[in-house]
Every structure is written in C-alpha cells, then in structure tokens.
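The values are calculated or read from the model by the stated rules, or taken from the named source; none is laboratory data. Every value quoted in this text rests on a predicted model; they were computed, and no experiment measured them. With ideal geometry, Cβ positions are generated from the backbone for all residues, glycine too; neighbour counts draw on all protein chains shown.
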Amino acid sequence: MLVNDLPTPSLLLDLDRLERNCDRMIRRAAELGVRLRPHMKTAKSADVGRLATRERAVGVTVSTLAEAEHFARDGCPRGGRVGQGHGVVAGGIGAAPAIVE
C-alpha cells in the first residue's frame, strides 16, 4: 500500500524512533524523580500509549472525555490513571462517572 492510498486521517510512525524517544522520556523522568504522565493528544492511539508508558508511568493525560474513555479502556498503564489536561466542560459532566467505573 502506498501512503497516498491510506485513509485519512492515518497515523504513520517510525517505530524505532518512537521506541527510542519513549525509552528516553521514561529514563529522564526516572532520573529527575518525577512521575510520568505523557499526553496522548496527538497520537490518540492506545498502542502508542502503551509504548509511551511501558508500564512505568502513573497514567496518561488526554484532552477530551472521548479520549479518556478510549485510554481508560485500551491504553493506560495497569493501575494507572487517565487525567484530562483541563477542566471538564458542563456537557461532559454526565459522561465522567461512567469513565471512572
């Protein structure tokens, strides 16, 4: 398949580079003694979420409640948390309890 034949939007990644960057981010957070919670706004991929945390992060950060549902179900580290990078808007308050369960 050619790049021009892919449906849009599509996520194309250099896996070796992604894995190196994720490992570097995880190591640096450990060196600094900080808790890692990578933001998944751009990737929007559970697979990338798992690579970005490698089960060593406290969770992931997302932008929307739909992303929170997605990562809570499929892409958050075991025992980790999904945090929203900003406050919940009024229209999303009803959905928030279902994500927690």
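At least 1 residues being at pLDDT below 85 is the threshold, and among the helices (runs of 4 or more DSSP H) wholly inside the chain those reaching it are 46-53, 65-74, 96-100. Of all residues in segment 41-69, those that are free of Cβ contacts under 8 Å to residues at least 60 places away in the same chain and closer than 22 Å to Ala30 by Cα have Cβ atoms under 7 Å from Cβ atoms of residues that are buried (at least 17 other Cβ atoms within 10 Å of the Cβ) and among the hydroxyl-bearing types (Ser, Thr, Tyr), 6 or more apart or on another chain, in Val60/Thr53. If you filter segment 12-56 down to residues that are under 30 Å from Met1 (Cα atoms), touching a Lys or Arg at 6+ places or on another chain (Cβ under 9 Å) and among the hydrophobic types (A, V, I, L, M, F, W, C), you find that the one that is surrounded by the fewest Cβ atoms within 10 Å (Cβ to Cβ) is Ala46.
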